[in-house]
Every structure is written in C-alpha cells, then in structure tokens.
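Undergrad: First the structure, which I've put down as structure tokens, then a few questions once you've had a look.
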Amino acid sequence: MNAHRSGVFACALAAALAATAMRPALAQEQQAPPRQHWSFAGPFGQYDQEQLQRGFKIYREVCSNCHSLKLLAFRNLTDPGGPGFTAAQAAAIAATFQVTDGPNDQGQMFQRPGKIADYFPPPFPNEQAARAALGGKLPPDMSVLALARSYERGFPWFIFDAFTMYQEEGPDYIHAILNGYTDPPAGFNLPPGAQYNKYFPGHAIGMPKPLSDGQVEYTDGTPTTVDQYGRDVAAFLMWAGEPKLDTRKRVGFQVILYLIVLTGLLYFTKKRVWHAAEHDLDPSAPAAPPEPRPPTEYARS
Amino acid sequence: MSGRSIYKPQSSFMRWLERRLPIASLVHSSFIVYPTPRNLNYWWTFGGILTFMLGVQIVTGVVLAMHYTPHVDHAFDSVESIMRDVNYGWLLRYVHANGASFFFVAVYVHIARGMYYGSYKDPREVLWILGVILFLLMVVTGFTGYVLPWGQMSFWAATVITNLFSALPWVGEPVVTWLWGGYAVGNPTLNRFYSLHYLLPFVIAGVVVLHIWALHMVGQNNPTGVEPKAEKDTVAFTPYATIKDAFFIGVFCIVFAWFIFYIPNYLGHSDNYIMANPGQTPTHIVPEWYYLPFYAILRAIPNKLLGVIALAGSIIILAFLPWLDTSRVRSANYRPLYRQFLLLFFAAVIGLGYLGSQLPEGGYVIAARLLTAYYFAYFLIILPLLGLFERTKPLPNSISESVLGAGVPAGASAPPPSGAKA
C-alpha cells in the first residue's frame, strides 16, 4: 500500500520535473520587471494621495500628449480614494482642456473649455489621426493600462502570488518600461522608428523614451528622477484602472473578519449538534443518555 | 428513500395550505427529516456549496445585467462603468467573475469526490448523468459569460472555440456561420451569447432540481460505499447536514472573499482589459483556467477534427463512467489499486491544466499527449479491467461499524452496535 503510494508520488514528481526541464525557450531573454514597493499593495494597502497627484502631473504634462484616458472624468479627480483634488481644483484642471461639444443650434460642432463633468478628451480625434501624427504608431488608452499589462510569473511563483497577494504586475511593468530604455546590445536588429527597451516583449518599442531626469517639476521636494517619475505615474495609472481599490481593501478586511467569526460560531454550533449524534453511537456509553438530548424536533421519527 | 413525512401542520393556516398544496411537508421530508449517512465527510458539503454558488451567480448576474450593454462598441466600456459608476459595481463584478472560478472549483471537487467514492454506481447512474449534464451546462454558461466583457481574450476565445465546429465534415462552415450570426465573430455573436448566458443559469437551476430529486430517490452515498442498513446509520438532514454544510460554506467563503477583495484579477488574464480588436491576435490565446485541461487535450491531437472529438469525448465519457467501472465496490478506500490509478488520474488532469496554459511547443506537446493518453486509457482500459482483477479490501458490515471501528484498537473485539444488523 505504502509502496504503491510512494510509487505514484515518484511518478508525479518525475513528470513535474520533466515538464520543467522541457520548458521551451519561448520567453527568450525577456527580463522580469524589478519589484517596486507600492503603498497600495497588501491587505491594508491604500493609495498615497500625494503620489497620485504627482503621477497625475506627469500624465498631464507628458503622457496626455499622445495617450488618451477616456474612461476618466475630471470629477473622478475629486473622488475619495483618489488624488484628492477639490472640486474647484478639478474644475480648474478641466478648464485647461479643450473639449469638442455640439452640435449647436447651427448644427456645428464646437470647442469649449472642459467642465468637471467632462471626460478627459483624447489627444487625437481618432485612430487614423494618431497614426498619421506618430509615424503609424497608436498609443494605447491609459484608463485600464495598469490592469492590461503584466508579465509571465511562471511556475511556481504564480502559486505563491495568491498567498502574498501580488497584484501589482501592471505598475511594476510600467515602471520598468519607463526605466528600461538602453542602447541595443551589439547585433540586435532594431526596426526603423523603434527604440530598444529591455523590459518590452521583443525589445523593440514604438514609444520614444518619454521621461528624463528633471523633466517634470515637483514642488514637494520629491526627487525628480525617471525612477521616481515611473513609480508615480504607474501608481496614478493603477488608480485610474482600479479607482475603488481603497474601498475594496477596507471592505474586504471587514468581510473576512466577519466571515471568520461567523464560521467559528458555526463550527462550535456544529460540534455541539453533532455531539449528540456521536454520543448516541458510542458503545462504551451507558445505554440511557446521561445528558439532555437536543430538542425533539431534531429527532427523525 | 426520502424520509417518511411526519409533518403535522401546527397552525390553522398551515393545515389549510397542506390540504391544497403540501409544500410544507415536501420541505419537511426533503430537507428536515431526510436521512443522511452519519459518516459523511466534508467532501460531501460541496453539493451545498454549489447550490450556494449558483444563487450567488444568479443574484449578482441579474444586477450586473441591469447595467451591462451587449453591443460590440459599448460592452467593454459598460463593464468599466459598472466598476466605476455603479454603487458597489466593482464588488458585484468581482464576485461574479471570481464566482465563476469558485463555482468550477466546487464542481471539480464535487466530481472528484463522486469518482473517489464511486458515487456514480448502481443505483445512482441517473443522478450522475444529470451531474454531467450540469457540468456541460456550466461549461457553456462560463464560456458565454467570459465573452461578454468583450476584451481581447473574450473575442479571441469566442473565435477559437466557435471555429472548432468548422472541423465537422460537410456541415462545419455553415454551422460556424450560424453560430456567429454572420461571417465573423461580431455583434450578433455577442448578443446571442448574452441571451444564452442569461438563459442557461435557469436551465441549470432546473436540472439541479432533477439532480436533487434523483438524489433523494436513491439517497446519498457515503465514504464506505455501504448503503445505510439501519436507522443508526443515518442522521436527520436538519440539523446535522445543514449545520455542517453551513460551516463549510463559511470556510469556502473566506477563501472566496480573499480572491474577491485582495486578488480579484489573479484568475483573469490581463489581455482582457484590452478592448476586443479583431485586427490584432494576442500572442498567446488561453482560455480561463477551468478549461485548461480540456484545451490541452484539444491541442495534444495533431488532427483538428480528432482534437475536437477528443475534447468533446473527454467530458462525454464521464457520462459512461457507471458502466466503464466494472467493480462492485464503490469506495476507493477499499480499492487500493483503483485508488492509485485515480490519484494518478487527478494528477494527470492537473498536469494537463498546466500544459494547457503553456505554448504547445517541444516537450510540452509530448507531455500533453502522454497525459491525454492516460486520461482516456483510465476510462477505457484501466477501469473496465481493474474491476475484474482487483482484490478489494473487506467492507464494513455497516456504516455504524465503520464509524466505531476507528475508535477501537486493533485486535480488540468491538461489541457489535446493537440493532446495526436489524
């Protein structure tokens, strides 16, 4: 019996090892993005309001020249758990954007300054306009970019991730891309119009290096390095993609605490209820039950 | 087998109702006094968990449907608007999306339990076949639901899976066009998938009623596989089974909540946060994790038509399990060899799941073919022969004896429980 069992496990282990050894070299030399520290990671993670404001500044001054953010409205900047702008600040930000409205009474579309209820206007009116202006490239919308980007974790890491709550592949990847621009290694054939990025799949990225040290001014003394910019804008994009994360983690803790207490109570109730049934069957017990039986409605017949 | 109804209406209203619609006595005999084997372990709580999950999915799904727009131009944005602008919409969507995964976790445990303890054997064949039908319905419901957010994986999964039908000789192409409602996956496809995704859960609920009805005709199996022989072998459904189910649903919900609140996108694919783009194929199309073993079987076969047949066969073969397994002993606890082959089968399914998530290259293809061969050999060769040659362990005389046996030291003569053989 035991020999059988160990035989099975040996077979399973051998199969697993063989599968690992046979892993094809499909990922090439794709580098895993370095893990960053995020304020919103873990069970009690919350967004860092100041970081979101800095990240928004980078989006507004740099990214928004090419990337849309179409699922976000200016009002979202005032939402709890977000960058925490006041309504007046958000309205002022909105007013700096030109929004297409209409048609008016003459049947014409027209431009007007943005209002707080408007959505972030796209930098290009349509895909073709973007491609025409950017040498055929189409910058992706950034609303859920932090959720839409990831990288292969592989076995066994993906199993540990469920326990360590690693859900920040997206921001890690975005930070890595912004810091991954290097000269191509000798012999690397870079297509025309592309840049080399060591973290981009296939390494030839269409986007030119968007950020360099000191490019965006910070007023709060935070270092103005690409490393810091990358973290700030990635945090902002995570908020853009998961604006309810703060609430989710707070409610989650309450729900799980409640469930643990409830389940504990159910366990002791179960033990008490079953005690009677188990007692009932114990041959060493006296024939007559010494303690009161559960109420009669439990009885079957 | 259902409990003798001893229901006595207490109030004049209930007496009035009982004469017109005896629903109270039906509930009483089916869910209160219904006898359940006293030795059921926690693997038996997954039936209750599945019923609970069906309720969760229907309730969250109906509310999500109030906010969802089934149109190729709006579906993706409407899902995001649920996440942003609907009160607790993020919670509804994450419960529903992870709920699908946990529904499948529970159904796989439920199926594995049935296989381990031989719950499909005479007289439970119809009960088992209804279960296989439920699983098939779940597969279709889960698949149509995954298409609705209209992300890249939604679109390409729909394309790949519907294209499987093109392998059918003669009728392949017309069938695919008919499924799509056009010449490519498009708005008509999304609309019909939405319609089916709303319809099928209620079909599932109907078949669940038949499944429970069949269960109450033949009674539950139990870890010994020995039918209850005396009253001592069973306990009343309420409170014994109800409280045990409630406790384990609580345990299940803690794990479920962990996923919903802390790692809601862990089981999803990041590409599904990119809106569907028919012009751009993802580098690596993978189905949801719960279909991966079947996907691996599909890809293990080099011929498309044979691959599709193997894919369908891998599920349909389950319906024939009661006749493929020739042994008269139900529980794997008394079938040492069967137990080894079965555990190896479970390992093979998990292995196929891993291979299904990887690109079909090199050694992975060979491994997938070996495991696929074992999958079918298990049903078609091992099970029929094993029942003829296997030497099984002696079965306990009754459930009560097996419960007591654990507490009695080896060699000591256990006094037979009085009335156990009556």
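Undergrad: Quick one: is residue A:151 crowded, with 18+ Cβ neighbours inside 10 Å, among the aromatic types (Phe, Trp, Tyr) and either within 14 Å of another protein chain (Cβ to nearest Cβ) or under 19 Å from residue B:282 (Cβ atoms) (or both)? Please lay out each step first, then the result.
TA: Details: crowded, with 18+ Cβ neighbours inside 10 Å: yes; among the aromatic types (Phe, Trp, Tyr): yes; either within 14 Å of another protein chain (Cβ to nearest Cβ) or under 19 Å from residue B:282 (Cβ atoms) (or both): yes.
So residue A:151 fits the description; yes.
Undergrad: If I ask for residues that are among the small types (Gly, Ala, Ser) and without any contact (Cβ under 8 Å) to a residue 60 or more places away in the chain, which ones from the stretch B:115-144 would you list? Quick ask: steps written out before the conclusion?
TA: Initially, the stretch B:115-144 is screened for residues among the small types (Gly, Ala, Ser), giving B:118-119, B:131, B:142.
Selection gives nothing.
Undergrad: Assigned to a helix (DSSP H, G or I), at pLDDT 95 or above and under 23 Å from the mean Cα position of the chain (by Cα): does that describe residue B:127? Steps first, answer last, please.
TA: Details: assigned to a helix (DSSP H, G or I): yes; at pLDDT 95 or above: yes; under 23 Å from the mean Cα position of the chain (by Cα): yes.
So residue B:127 fits the description; yes.
Undergrad: Given A:107, A:136, which one is at pLDDT below 95 and of a type in the set (Gly, Ala, Ser)?
TA: On the way: A:107 fails: at pLDDT below 95.
Exactly one of A:107, A:136 is at pLDDT below 95 and of a type in the set (Gly, Ala, Ser), namely A:136.
Undergrad: Being surrounded by 12 or more Cβ atoms within 10 Å (Cβ to Cβ) and either closer than 30 Å to residue B:259 by Cα or modelled with pLDDT under 60 (or both) is the filter here; which residues of the stretch A:266-295 pass it?
TA: Taking the stretch A:266-295 and keeping what is surrounded by 12 or more Cβ atoms within 10 Å (Cβ to Cβ), we get A:266-267, A:269-283, A:285, A:294.
Matches in the stretch A:266-295: A:266, A:267, A:269, A:270, A:271, A:281, A:282, A:283, A:285, A:294.
Undergrad: Look through the stretch B:262-289, keep the residues that are crowded, with 20+ Cβ neighbours inside 10 Å and under 24 Å from the mean Cα position of the chain (by Cα), and return whichever of them is farthest from the other protein chains (Cβ to nearest Cβ).
TA: Going through the qualifying residues, I end up with B:287.
Undergrad: Just to confirm my filter: which helices (runs of 4 or more DSSP H) fall fully inside the stretch B:31-123 and include at least 1 residues that are under 27 Å from residue B:248 (Cα atoms)? I'd like the intermediate steps shown before the answer.
TA: Details: elements: B:46-67, B:75-84, B:89-116.
It comes to B:46-67, B:89-116.
Undergrad: Give me the pairs, please: first residue somewhere in the stretch A:195-217 and not assigned by TED's automatic domain parsing to the domain that holds residue A:233 and surrounded by 12 or more Cβ atoms within 10 Å (Cβ to Cβ), second residue anywhere and modelled with pLDDT of 95 or more and among the β-branched types (Val, Ile, Thr), beta-carbon distance under 6 Å, and either six or more positions apart or on two chains.
TA: Between residues of the stretch A:195-217 that are not assigned by TED's automatic domain parsing to the domain that holds residue A:233 and surrounded by 12 or more Cβ atoms within 10 Å (Cβ to Cβ) and residues that are modelled with pLDDT of 95 or more and among the β-branched types (Val, Ile, Thr), there is no close pair.
Undergrad: Please work out if residue A:192 is modelled with pLDDT under 95 and more than 30 Å from residue B:101 (Cα to Cα).
TA: Working: modelled with pLDDT under 95: yes; more than 30 Å from residue B:101 (Cα to Cα): yes.
Here the answer is yes, as residue A:192 does meet what is asked.
Undergrad: Looking only at the stretch B:351-369, which residues are surrounded by 15 or more Cβ atoms within 10 Å (Cβ to Cβ), within 12 Å of chain A (Cβ to nearest Cβ), out of contact with any Leu (no Cβ under 8 Å at 6 or more places or on another chain) and part of a helix (DSSP H, G or I)?
TA: B:363, B:365
Undergrad: Looking at the stretch B:79-113, which of its residues are within 11 Å of chain A (Cβ to nearest Cβ) and among the hydroxyl-bearing types (Ser, Thr, Tyr)?
TA: Once the filter is applied, which keeps residues that are within 11 Å of chain A (Cβ to nearest Cβ) and among the hydroxyl-bearing types (Ser, Thr, Tyr), the stretch B:79-113 yields B:81, B:88, B:94.
Rundown of residues vs (1) more than 14 Å from chain A (Cβ to nearest Cβ); (2) surrounded by 22 or more Cβ atoms within 10 Å (Cβ to Cβ), yes/no style:
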| residue | (1), (2) |
| --- | --- |
| B:207 | yes, no |
| B:213 | yes, no |
| B:217 | yes, no |
| B:221 | yes, yes |
| B:235 | no, yes |
| B:240 | no, yes |
| B:245 | no, yes |
| B:251 | no, no |
| B:254 | no, no |
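Undergrad: Being under 13 Å from residue B:97 (Cβ atoms) and either in a helix (DSSP H, G or I) or of a type in the set (Gly, Ala, Ser) (or both) is the filter here, so list the residues in the stretch B:262-280 that pass it. Spell out how you get there, then give the answer.
TA: Quick first cut of the stretch B:262-280, residues under 13 Å from residue B:97 (Cβ atoms) only: B:263-269, B:272-273.
Hits for the stretch B:262-280 are B:268, B:272, B:273.
The values are calculated or read from the model by the stated rules, or taken from the named source; none is laboratory data. As the structure is a computational prediction, the values presented were derived from the model and not from experiment. Counting neighbours? That spans all protein chains shown, and the Cβs are built from the backbone with ideal geometry, glycine included.
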